[in-house]
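Student: One structure is given below, represented as structure tokens, and several questions about it will come after.
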Amino acid sequence: MPIYLSSHHLKMDEEICFFKQDTLVIKAPKKTPLILRMVVLLFTMICGVYICLVCLKQINTHKKMIKFLNFKVINHDNESCHDPYLEQWEVPYVHYPKPQTFERNECACNPVRYFAILSMQRSGSGWFETLLNSHINLSSNGEIFSVEDRRRNVSSILKNMDKVYNLDWFSSASKNQCSAAVGFKWMLNQGLMENHEEIVKYFKKRGVSAIFLFRRNLLRRMISVLANSYDKDAKQLNGTHKSHVHSPLEAQILATYKPKLNAALLIPQLKQDEATAAKAMQYFKTTRHIVVYYEDVINNKTTLNEVQEFLRLPCRELKSRQVKIHTTPVSNQIQNWEDVQKTLQGTSYESFLADYEMSSAALL
């Protein structure tokens, strides 16, 4: 028997059908494969590690910046002392020492230049140093490496130089607090030549200028060396030895000794002295330096001004109390003058025989 549905029933059936269709559309999707999940997880881990590394790098950079800023603050005092009118090349040679033994106080911003007088015995270096020390702004602390223990090795040499340039070296010439130039005298045979490589590096690192002081007439230097060596034993001045004197009477007594020169070894010795001076200048040619000759200091009034300008000091009239010992012609200062004269005539050293070297009133 056929069943007849009313329109109301048909409508309900249609709604049921549509509901079922909707239910099919919104059913849950299939599960994600395991491999895909692992890939996503791995990618997430890599991103996390990368972010951590970036953060750590930023932290380290921040710390370095802090250290750099701290360094700048530590040196701020020196920067505040900087002279804006300095030429660029001068900057490495201008210093503001901070000594450990005293405070510079109001002189803390006074710029200081470092120097060393490099010379050979009996070349007028003692007289030259007293002239420099008569300048109110300069301290030259003498022949500090004449003491063997101070030059026993490179470390000892550098340690003692540090003490001088830090203004912690005290001598009768020290004007430490407000010095504008500080240094000392150094003979070539006092560890200078043997350790020249390390010393050149030190001079460059600390901005030390070299003043070479030599004597052109090496024959007169030889006479002075022999006479001084003789007096060490003879002690002609009331039983005392003096390398330098301050009265004409003392000079006259020391000048009475006339050494006898070995004519056969004379030229080789003169050549050796020349070679030593030339080698020293070769070793230190890359340092800032000036070459001064004893005879020029005696006869040329502008030479001392050139030295003061080299040290960037205001020019002053420089004086010394030292008195020249040998004032007579060279022919009167040697026992075997005829042998010496015969040996040097016709050689490149013949000019050393000249009687005139300097004014007899000059100081040594």
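Student: Just the residues that are β-branched (V, I, T) and within 37 Å of the chain's Cα centre (by Cα), please, taken from region 249-270.
Tutor: I267
Student: Just checking, how many residues over region 329-343 are in contact with a helix residue (DSSP H, G or I) (Cβ under 8 Å, 6 or more places away or on another chain), touching a residue at least 60 places away in the same chain (Cβ under 8 Å) and under 12 Å from N262 (Cα atoms)?
Tutor: Total satisfying the criteria: 5.
Student: Would you point out which residue out of E194, E143, E198 is touching a residue at least 40 places away in the same chain (Cβ under 8 Å), within 20 Å of T287 (Cα to Cα) and among the acidic types (D, E)?
Tutor: Among E194, E143, E198, only E198 is touching a residue at least 40 places away in the same chain (Cβ under 8 Å), within 20 Å of T287 (Cα to Cα) and among the acidic types (D, E).
Student: Quick check: anything in region 271-289 crowded, with 16+ Cβ neighbours inside 10 Å, basic (K, R) and more than 19 Å from the chain's Cα centre (by Cα)?
Tutor: no
Student: Can you tell me which residue in region 190-215 is farthest from A278 (Cα to Cα), limited to those that are surrounded by fewer than 17 Cβ atoms within 10 Å (Cβ to Cβ) and in contact with a Ser or Thr (Cβ under 8 Å, 6 or more places away or on another chain)?
Tutor: The selected residue is K204.
Student: Further question: Only one of (1) in contact (Cβ under 8 Å) with a residue 24 or more places away in the chain; (2) loosely packed, with under 13 Cβ neighbours inside 10 Å is not met by K301, so which one is it?
Tutor: (1)
Student: Condition check: farther than 30 Å from Q236 by Cβ, in contact (Cβ under 8 Å) with a residue 24 or more places away in the chain and buried (at least 16 other Cβ atoms within 10 Å of the Cβ). Does Y294 satisfy that?
Tutor: No: the conditions fail for Y294.
Student: Can you find a residue in region 305-315 that is in contact with a Cys (Cβ under 9 Å, 6 or more places away or on another chain), surrounded by fewer than 16 Cβ atoms within 10 Å (Cβ to Cβ) and either of a type in the set (K, R) or more than 17 Å from W127 (Cα to Cα) (or both)?
Tutor: Checking region 305-315: at least one residue is in contact with a Cys (Cβ under 9 Å, 6 or more places away or on another chain), surrounded by fewer than 16 Cβ atoms within 10 Å (Cβ to Cβ) and either of a type in the set (K, R) or more than 17 Å from W127 (Cα to Cα) (or both).
Student: Tell me whether region 345-357 contains one or more residues that are part of a helix (DSSP H, G or I) and either at positive phi or surrounded by 15 or more Cβ atoms within 10 Å (Cβ to Cβ) (or both).
Tutor: Looking for residues that are part of a helix (DSSP H, G or I) and either at positive phi or surrounded by 15 or more Cβ atoms within 10 Å (Cβ to Cβ) (or both), one finds at least one in region 345-357, hence yes.
Yes/no matrix, rows are residues, columns are (1) touching a strand residue (DSSP E or B) at 6+ places or on another chain (Cβ under 7 Å); (2) not small (G, A, S):
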position: E90; (1), (2): no, yes
position: P97; (1), (2): yes, yes
position: C109; (1), (2): no, yes
position: N153; (1), (2): no, yes
position: I157; (1), (2): no, yes
position: N160; (1), (2): no, yes
position: L167; (1), (2): yes, yes
position: A173; (1), (2): yes, no
position: C178; (1), (2): no, yes
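Student: Here's another thing I want to ask about it. Filter region 236-264 for residues that are outside any helix (DSSP H, G or I) and among the aliphatic types (A, V, I, L, M); which is surrounded by the fewest Cβ atoms within 10 Å (Cβ to Cβ)?
Tutor: Filtering first and then ranking leaves L237.
Student: I'm trying to understand the selection: among the residues of region 88-104, which are surrounded by 11 or more Cβ atoms within 10 Å (Cβ to Cβ) and either under 14 Å from A180 (Cα atoms) or touching a residue at least 24 places away in the same chain (Cβ under 8 Å) (or both)?
Tutor: Of everything in region 88-104, those that are surrounded by 11 or more Cβ atoms within 10 Å (Cβ to Cβ) and either under 14 Å from A180 (Cα atoms) or touching a residue at least 24 places away in the same chain (Cβ under 8 Å) (or both) turn out to be E90, P92, Y93, V94, H95, Y96, P97, K98, P99, T101, F102, R104.
Student: Under the condition of being among the β-branched types (V, I, T) and within 32 Å of the chain's Cα centre (by Cα), which residue from region 194-245 is farthest from Q308 (Cα to Cα)?
Tutor: For region 194-245, the residue satisfying everything is V225.
Student: While we're here: Closer than 30 Å to L249 by Cα and among the basic types (K, R): which single residue out of R216, R206 fits that description?
Tutor: The unique qualifying residue is R216.
Student: Which of the residues belonging to region 265-320 are in a helix (DSSP H, G or I) and among the charged types (D, E, K, R)?
Tutor: K271, D273, E274, K279, E295, D296, E306, E309
Student: Same structure, new question: Have a look at A263, A251, A280, A255 and point out the one that is out of contact with any Gly (no Cβ under 9 Å at 6 or more places or on another chain), closer than 30 Å to K204 by Cβ and among the small types (G, A, S).
Tutor: A280
Throughout, read-outs are computed from the coordinates displayed, never taken from laboratory work. Fair warning: this is a prediction, and the values are worked out from it, not measured in the lab. Using ideal geometry, Cβ is built from the backbone for each residue, glycine included, and neighbour counts are taken over all protein chains shown.
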